[in-house]
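Everything below concerns the one structure shown next.
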Amino acid sequence: MDEQDQGNNQSTTGRILIIGLDGATFDILRPMMAAGRMPHLAKLIAEGTSGVLNSTVPPITPAAWTTFMTGKGPGRHGIIDFERYDATTGKLAFNSTYEIREPTIWRILSERNKRVGSIHVPMTYPPPKVNGFVISGFETPGIHTEFTHPPELKAEILERWPTYSYQTNWRRRAFGGDALFAENLRYIEDSFRQGAALTRHCGERYGWDVLMVLFKLVDNLQHKTWKYLDPKTAGRYPKRAEMAAHCFNVLDEVLGDLFDYARSNKSAILIMSDHGHGSLDGKAHPNLLLRDWGYLQVKSLDTVTAHIQRRLKRTLDRLRGRTRKKFEANLGLETDMVVDWSRTRACVMHAGMNGFLYINLKGRQPGGVVEPDKYEALRDELAARFRAITCRSLNGETIRVFPDVHRPEELYNCRRDEQPWMPDLLLVPHPGLAVVRRIRGRRAVQWPRLHHLGGTHRIEGVLAAAGPNIRRGHTINANIVDITPTVLAALGVPVPEDMEGKVLADMFEQPPTVTYEKADGKQAGPTGEVFTDAEKDALTRRLIDLGYLE
Ligand SMILES: [Zn+2]
């Protein structure tokens, strides 16, 4: 009788090491494995279960990782983007753990006396108090903050890793050339090595039943170097293609090290991404369309100029040592600065992978102008207009710019009155198009040179698992919402009955006996604004660096 069979009936897998590869896609991993750069990953896949892990709509980091952590979709947990628009005040704010409205895997496991560890998972700042430890993710405003639970872990990390990295750091410099490119890649490779070292160190220090480490910069690497990584274009840039691909050699070494660590702990290994990745081909500007159609009015030039002057002065005051790029990003016309709300019926207030459109509704927004009895008709009209917009793509075919336009209550099966921060419409662009909220330029869709722009997210991410009781050589197709119920079931922990994901019973040699428990209601805990103005500035710069918040 082997060890698993001796355990109690409910538990089929002793421990689980979860490795998050932010934004990973088989479109890159497969060619890297085929080229012999990722032998450890290739072996794991051959020995286990793997397949596509579909992301949330929108396929964006905070929405997707929160969906993983809660086993519920954005309509329940409350996170659809980095930002959140509060229609009652007309203000944008950054999301933090305080906005997650449902219990996470860390809390559920902690309450069952399982030990958990979470390293660099997005949407874990401020760090929740768990039975184990948490090191917050890349939205940590800075190392001056309390970014660990327990708090004393922070000093230990900073002492042991003086160059502790938790954030993106892609630097631009005029004439930086290959040397700067190499430096940027070295930072990413170092972050991979540091992630593995942190995992071993903290895993040993605190013990664990479920331990997770997330490699955020896989996503950053792909955003910045897609054309060098994509087999369709990499051949044109042999030198940089080799430099960028080397990061995957390092990632695989790090994975091999973590696989050894998992095996020595008799742990199963689960690799997952939050979304996939593909080329960024162009940018769509829905607010330009709203302006051209007469739903959105901008302020007169004088008012805008006064705003720009104030902004310019503020920016110059803070400029010291920043690059010109960041300076320009700060100066750009922001939506809330130029929109004349007294004459605007609808506007996209935040954007990225999707556009989040809000109707300026009387009784909801301060100074709303759309009568409540006109709301549904206007929503239908806007959805129809956005769906009908077409353009010529780079290869000459006619495409819909926004093939899907969703009402959130239908998409997420939620009640709008419980989710005041939800947009009125979600605009889903054609794959390869990013949505920009700024009111800039004249063309609603801009297609720069082919593969000029880098990478952007796709729905299809990756899942790979191996180890005790995981099926060998098996392929599955799953959704990110399924992972937490699957992990709970594998550990013999009851699955809250209100979870939207399903247990991936198919993944196991011997499917676990799943038990369900009554949902414990909303997450009780602190709420409200977490970030100071200076921290918001730092986050804004980091997200601009990633190519978001345009
Ligand atoms: Zn991501």
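The values are calculated or read from the model by the stated rules, or taken from the named source; none is laboratory data. What you see is a predicted model, and the numbers here were worked out from it, not measured in a lab. Quick reminder, even Gly has a Cβ in these numbers, built from the backbone with ideal geometry, and neighbours come from all protein chains shown.
Considering (1) touching a residue at least 24 places away in the same chain (Cβ under 8 Å); (2) part of a loop (DSSP other than H, G, I, E, B); (3) not hydroxyl-bearing (Ser, Thr, Tyr), the lone condition that Lys502 does not fulfil carries the number (1).
Residues that are of a type outside the set (Val, Ile, Thr), assigned to a helix (DSSP H, G or I), over 25 Å from Leu280 (Cα atoms) and away from the ligand (no atom under 16 Å from the Cβ): does the range 31-39 have at least one? Yes; the residues of the range 31-39 include at least one that is of a type outside the set (Val, Ile, Thr), assigned to a helix (DSSP H, G or I), over 25 Å from Leu280 (Cα atoms) and away from the ligand (no atom under 16 Å from the Cβ).
Selection within the range 78-92: residues that are within 16 Å of the ligand (Cβ to nearest atom) and not in a strand (DSSP E or B). The member of this set that is surrounded by the most Cβ atoms within 10 Å (Cβ to Cβ) is Ile80. Looking at the range 96-113, can you tell me whether even one residue there is within 16 Å of the ligand (Cβ to nearest atom), of a type in the set (Ser, Thr, Tyr) and part of a loop (DSSP other than H, G, I, E, B)? No, every residue in the range 96-113 fails to be within 16 Å of the ligand (Cβ to nearest atom), of a type in the set (Ser, Thr, Tyr) and part of a loop (DSSP other than H, G, I, E, B). For the residues Ser110, Ser118, the requirement of being polar (S, T, N, Q) and within 18 Å of the chain's Cα centre (by Cα) singles out Ser118. Out of Val405, Val462, Val428, Val436, one residue alone is within 16 Å of the ligand (Cβ to nearest atom) and in contact with a strand residue (DSSP E or B) (Cβ under 9 Å, 6 or more places away or on another chain). It is Val462. Specify the residue that is modelled with the lowest pLDDT; the eligible residues are those in the range 114-160 that are of a type in the set (A, V, I, L, M, F, W, C) and within 16 Å of the ligand (Cβ to nearest atom). Here the answer is Phe138. Taking strands (runs of 3 or more DSSP E) as the structural unit, those lying wholly within the range 190-308 and holding at least 3 residues that are closer than 30 Å to Gly73 by Cβ, at pLDDT 95 or above and more than 16 Å from the ligand (Cβ to nearest atom) correspond to 267-272. Being at pLDDT below 95, in contact with a helix residue (DSSP H, G or I) (Cβ under 9 Å, 6 or more places away or on another chain) and not assigned by TED's automatic domain parsing to the domain that holds Glu409 is not true of Leu44. Counting the residues of the range 48-67 that are of a type outside the set (A, V, I, L, M), closer than 21 Å to Val503 by Cα and either within 11 Å of the ligand (Cβ to nearest atom) or part of a loop (DSSP other than H, G, I, E, B) (or both) gives 4.
Glu159 meets the conditions (1) touching a residue at least 40 places away in the same chain (Cβ under 8 Å); (2) more than 30 Å from Ala465 (Cβ to Cβ) in every case but one. The failed one is (1).
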